Amino acid sequence: GILVDQSISKIGSLDEFFREMKPDEMAEFISETLMENVEDFIDEVMLERNQTLWENLPTGIKRRIYSHVRKQVPQVMENLVTELTFNVESLVDMRQMVVSQMENDRAMMVRMFLRVGQKEINFIWHISAAIGLFFGIIQMGVWLVVPWHWTLVFWAALWGFLTNWLAIWMVFNPIEPKKFMGMTFHGAFMRRQAEVTEVFAHISTRELFTLKQIMNEMMFGPKALQTRKVVKRHVGKLLDTPIVRTALQMTMGWEEYAKLKDTIIDKSIVATMVPISDPELNESRAAKVNDLFLERMSKLTPAEFQNLLRPAFQEDEWILIVLGGVTGALAGWLQLIFGFK
């Protein structure tokens, strides 16, 4: 949630991401895929709804229904996708979508933070060793002056605490490069803005904001009923021409005709998700949104860029720092036991 609020929402809105995917091209791709199996789709729907009627319906009427649907599908899909695009913000909760994804796939969340922050994690590991060595030398000096057993555990705990705090601080600070005694100091994460931008954009567009994820949330998420109303309005047009409507109403009756509409809507949603899930389509849409991410992220100020990763760490930094103190105390105690008997 913090990631979306502090970072992604500042890069762009879901509306912008979806528009960048070129809805008109998506509609064309979906139409072409559906047209390949339109007769099978109609047969499946009609056989499920009223097998006896459909099997006994004259071939001429069936052909007219097939032909009518074929002619209508491209325009219906174009109108449907256009309306979904204009209403994507009201049909999909971006924050909830990302949170749900990460709650359901913890591995993806870990993978994301490792790919974005692996070098910073390595930095903490390496710099902690150097800081620990420095503090250890101070501790050795204190021991020579005050050789009290309890001080070994106390100082080890303090150094463990300070080591982790300092290492984390050095990852994100200074935010802007600062020169001191001829040397430039800059937060480890801040130095990698260009590199992190590419990694973060790639992960976001391939795993968080894919076309499949957005449409899945739209069709089956908390606001699916609203989406269903939009789909019903457009798909219903396939059955609303005089010849199709009259033929079906006369043979099926008003009640069965109404149920047929609901069946078609359900199956249309499922059928639409098949081309939407196509890997090539998703990759081509992701590439378009990726360019938007790169452009927006390159314009972030250092302070805004820091918020890509820092807020998600900040909530739990105290655990790592306290853990440094606890493990430091444990190390001091082991040193006391095995080193000084």
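Can you tell me the FRET efficiency between Ser9 and Thr184 if r is taken as the Cβ-Cβ distance and R0 is 25 Å, rounded to the nearest 0.05? Show your work: numbers first, answer last.
On the way: r = 32 Å, r/R0 = 1.29.
According to the calculation, E is roughly 0.20.
Residues with amide H under 5 Å of Phe185's amide H, sequence separation 5 or more or different chain, H placed in the peptide plane at 1.01 Å from N; which?
Correct list: Lys178, Lys179, Phe180.
Pairwise over distinct Cα atoms, reciprocal of the mean inverse distance: report the Kirkwood radius of region 18-151 in Å, one decimal place.
Working: mean 1/r = 0.0457 Å⁻¹.
With all distinct Cα pairs of region 18-151 included, I get 21.9 Å.
Just to confirm the filter: which GluC sites (Glu not before Pro) across region 8-60 are DSSP coil and have at most 16 other Cβ within 10 angstrom of their Cβ?
Sites meeting the loop and neighbour criteria: Glu36.
Report Rg/Rh for region 27-79, rounded to two decimals, where Rg is the Cα radius of gyration and Rh the Kirkwood radius.
Working: Rg = 12.1 Å, Rh = 11.7 Å.
With Rh from the inverse mean 1/r over Cα pairs, Rg/Rh is 1.03.
With the Cα gyration tensor of the chain in hand, give its eigenvalues times 5 under a square root as the equivalent ellipsoid semi-axes, listed largest first in whole angstrom. It would help to have the intermediate numbers written out before the result.
Numbers: eigenvalues 788, 89, 37 Å².
Whole-Å semi-axes of the equivalent ellipsoid: 63, 21, 14.
With the contact rule set at Cα under 8 Å and sequence spacing of 6 or more, what percent relative contact order holds for the chain? Mind dumping the intermediate values first?
Working: 319 pairs, mean separation 112.3, N = 341.
Averaging sequence separation for qualifying contacts and normalising by length gives 33 percent for the chain.
Under the 0.36 nm per residue contour assumption, what length would be gained going from the current alpha-carbon distance of Glu16 and Arg63 to full extension?
On the way: separation 47, 0.36 × 47 = 16.92 nm, distance 4.15 nm.
Gain in length upon complete extension: 12.8 nm.
Using 0.36 nm per residue, how much length does the chain from Gln51 to Met273 gain when fully extended, once their Cα-Cα distance is taken away? Don't skip to the answer; put the middle values down first.
Numbers: separation 222, 0.36 × 222 = 79.92 nm, distance 2.57 nm.
Stretched fully, the Gln51-Met273 segment lengthens by 77.4 nm.
For the chain, what is the charge dipole size about the Cα centre, in debye to the nearest 20, if Lys and Arg each add +1 at the Cβ and Asp and Glu each add -1 at the Cβ?
Values: 36 positive and 41 negative charges, 131 e Å.
The calculated dipole for the chain is roughly 620 debye.
What share of Cα pairs, in percent, lie more than 15 angstrom apart in region 271-341? Write out the running numbers ahead of the final one.
Values: 1879 of 2485 pairs.
Percent of Cα pairs beyond 15 Å in region 271-341: 76.
I want to verify the translational diffusion coefficient of region 168-217 in µm²/s; compute it with Stokes-Einstein, Rh as the Kirkwood radius over Cα pairs, at 20 °C and 1.002 mPa s. The partial results should precede the final answer.
On the way: Rh = 13.0 Å.
Value of D from the Cα-based Kirkwood radius: 164 µm²/s.
Nearest 0.05, what FRET efficiency do Arg70 and Asn122 give at R0 = 56 Å with Cβ-Cβ as r?
Numbers: r = 58 Å, r/R0 = 1.03.
Plugging the Cβ-Cβ distance into 1/(1 + (r/R0)^6) gives 0.45.
Among Val231, Thr184, Met219, whose Cα lies farthest out toward the positive end of the dipole of region 159-241, if unit charges sit on the beta carbon of Lys, Arg (+1) and Asp, Glu (-1)?
Farthest along the dipole direction, towards plus: Val231.
Just tell me, in residue order, which DSSP H segments of the chain are both 24 angstrom or longer along the helix axis (alpha-carbon based) and at least 0.0 in mean Kyte-Doolittle hydropathy. Write down the numbers at each step before the final one.
Details: long enough: 59-86 (40 Å, -0.36); 106-145 (51 Å, 1.01); 149-172 (36 Å, 1.28); 254-276 (33 Å, 0.17); 279-298 (28 Å, -0.66); 310-340 (43 Å, 0.86).
Answer set is 106-145, 149-172, 254-276, 310-340.
With all protein chains present, how much of the accessible area of the chain (probe radius 1.4 Å) comes from carbon and sulfur, to the nearest whole percent? Mind dumping the intermediate values first?
Values: 11230 of 18460 Å².
Here it works out to 61 percent.
Per residue, what accessible area does the chain have, given a 1.4 Å probe and all protein chains present, in Å²? Don't skip to the answer; put the middle values down first.
Working: 18460 Å² over 341 residues.
The answer is 54 Å² per residue.
The values are calculated or read from the model by the stated rules, or taken from the named source; none is laboratory data. The structure displayed is predicted, hence computed values, not measured ones. Neighbour counts are summed over all protein chains in view; Cβ atoms, including those assigned to glycine, are modelled from backbone coordinates with ideal geometry. Note: accessible area is taken over every heavy atom of the protein model, side chains too, but ligands, DNA and RNA are not part of it. Shrake-Rupley method; radii C 1.70, N 1.55, O 1.52, S 1.80 Å.
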